[in-house]
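Below is one structure, written out as structure tokens; the observations come after it.
The values are calculated or read from the model by the stated rules, or taken from the named source; none is laboratory data. A quick note: this is a predicted structure, and the numbers were derived from the prediction, not measured. So basically every Cβ, Gly included, is an ideal-geometry build from the backbone, and we count neighbours across all protein chains shown.
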Amino acid sequence: MDFAYSKKTQELQENLEQFMSRYVLPRYQEFEDIAARGEFPLAIIDELKAKAYEAGLWNLFLPGLQADEPGMGLSNMEYAPLAEIMGRIPWASEVFNCSPPDTGNMELLHLFATDEQKQRWLVPLLEGKIRSCFSMTEPDVASSDATNICTTVRREGDEYVINGRKWFTTGAMHPNCKFAIVMGVSNEAEDASRHERHSMVIVPMETPGVTIVRNVAIMHHYAPEGHCEIVYKNVRVPVSYLLGQESAGFALAQARLGPGRVHHCMRTIGQCELALELMCERTLSRKAFGKTLNEYANVQDWIAQSRVEIDQARLLVLHAAWKMDTYGNKAAHIDVSAIKLVAARLQTQVVDRAIQVFGAMGVTPDTPLSFLWSWGRAMRFFDGPDEVHLRAIARTELKKARENLGATAPYYRVS
């Protein structure tokens, strides 16, 4: 295992950091001010996207890009440090056409779409002309077990009829969101395998029966692109909008999650680095009881613990990325569970310390910390809650123990 960044990756890091510093960061406050009014800052995004495309910093995340498809198509190991840089500003990944849920949707379309679907949906996504969303989670069932999903996708002649209620459909309120990928039950037979009952269907947002009910806040933070509750009522789409094979939706969902979790985790690490920088600067400039905060041992401990934990998490994510690149996504599924678990907990730990150092200011919108903490807390649910990942990791360890039962016998003292 070699986690050293290649010369190509180092050059991309330098180019991306310069781009962020020159173009994105100066628009940060303007973007936030517009978003705070409940509007999406589309003009800012479009201007920055044009610059990123011209600079060649485009579609960095997607391995296997064809020669006629725009972008670089980096490996997971190559893209991971770039995701960390983008993550420092939560909306920056869209500038480079690397924003979820589009990244996962593009992966699905790249792998499973028909030629007709690719022309209609994938090509404009790759070009950054449209956005998309992914409707999977439901408010009426425990979606941590995806087999619980009960939205129905019933075939009637040459159409699928979709009925159900989804929420946390991220991006549905984006002005350029043109379609959703909806997951629902297509095989309702009682004897059907619980992992072979669901299908994914492409649903244009303007289809009759699609209703955005509300933008759901995360800890009172509203995303301008929306984390939306959507009702699908007698929504009809042609059978040609089926993605992949019927009843294979669960497998498609699993294929979608692996690389996306690497992206999420590296963006989280970037946000933790920012929180640590803010915390350190604050300790140098604030005095309490006659000393600057950095002189207190407990504050020094928080800084040191944060530094070590961030570096540990980064290495774990890079290991998962390396394993995916080397052995495939399936071989790395436990590693991906591990990084998702570690990164979400890391964010709340590091950001919480930074908030404590900032005092009352830390819970206001005057710094990004309160938003970063709430997002870190939400990460412990999306893409699977902590408990699901812990169970998966434990099962793997117990399986190894069963296969080697008795191997520890020589370590026992025999009287």
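When you go through GLY328, GLY290, GLY270 one by one, which is the residue that is assigned by TED's automatic domain parsing to the domain that holds ALA394, under 25 Å from PHE3 (Cβ atoms) and either loosely packed, with under 15 Cβ neighbours inside 10 Å or free of Cβ contacts under 8 Å to residues at least 40 places away in the same chain (or both)?
GLY328
Suppose the filter is modelled with pLDDT under 95 and not hydroxyl-bearing (Ser, Thr, Tyr); does GLY104 pass it?
For GLY104, the condition - modelled with pLDDT under 95 and not hydroxyl-bearing (Ser, Thr, Tyr) - is met.
For the list (1) in contact with a Lys or Arg (Cβ under 9 Å, 6 or more places away or on another chain); (2) surrounded by fewer than 24 Cβ atoms within 10 Å (Cβ to Cβ), I need the number of the one condition that PHE96 fails.
The number of the failed condition is (2).
Just the residues that are more than 17 Å from GLY71 (Cβ to Cβ) and part of a loop (DSSP other than H, G, I, E, B), please, taken from region 85-102.
Result: ARG88, ILE89, PRO90, TRP91, PRO101.
I need the full set of residues from region 123-156 which are among the aliphatic types (A, V, I, L, M), in contact with a helix residue (DSSP H, G or I) (Cβ under 9 Å, 6 or more places away or on another chain) and surrounded by fewer than 20 Cβ atoms within 10 Å (Cβ to Cβ), in order please.
Hits for region 123-156 are ILE130, VAL141, ALA142.
For region 25-63, give me each residue that is surrounded by fewer than 17 Cβ atoms within 10 Å (Cβ to Cβ) and within 20 Å of the chain's Cα centre (by Cα).
Result: PRO63, single match.
Do you know which residues across region 177-205 are assigned to a loop (DSSP other than H, G, I, E, B) and within 18 Å of GLU94 (Cβ to Cβ)?
MET205
When you go through ASP335, ASP301 one by one, which is the residue that is under 23 Å from GLY260 (Cβ atoms) and either in the same structural domain as ARG377 (by TED's automatic domain parsing) or assigned to a helix (DSSP H, G or I) (or both)?
Result of the check over ASP335, ASP301: ASP335.
Taking the criterion of being closer than 24 Å to ALA255 by Cα and of a type in the set (D, E, K, R), would at least one residue in region 82-100 satisfy it?
yes
Could you please let me know if ARG391 is over 23 Å from GLU32 (Cα atoms), within 24 Å of the chain's Cα centre (by Cα), surrounded by 10 or more Cβ atoms within 10 Å (Cβ to Cβ) and assigned by TED's automatic domain parsing to the domain that holds GLY270?
Criteria met by ARG391.
Return yes when HIS174 is in a loop (DSSP other than H, G, I, E, B) and surrounded by fewer than 16 Cβ atoms within 10 Å (Cβ to Cβ) and no when it is not.
The answer is no for HIS174.
Being touching a strand residue (DSSP E or B) at 6+ places or on another chain (Cβ under 9 Å) and either crowded, with 19+ Cβ neighbours inside 10 Å or hydrophobic (A, V, I, L, M, F, W, C) (or both): is that true of LEU252 here?
yes
Out of LEU74, LEU48, LEU65, LEU57, which single residue is under 29 Å from ARG256 (Cα atoms) and assigned to a helix (DSSP H, G or I)?
LEU48
Restricting to region 362-376, and then to whatever is under 13 Å from LEU278 (Cβ atoms) and small (Gly, Ala, Ser), can you tell me which residue is surrounded by the fewest Cβ atoms within 10 Å (Cβ to Cβ)?
SER370
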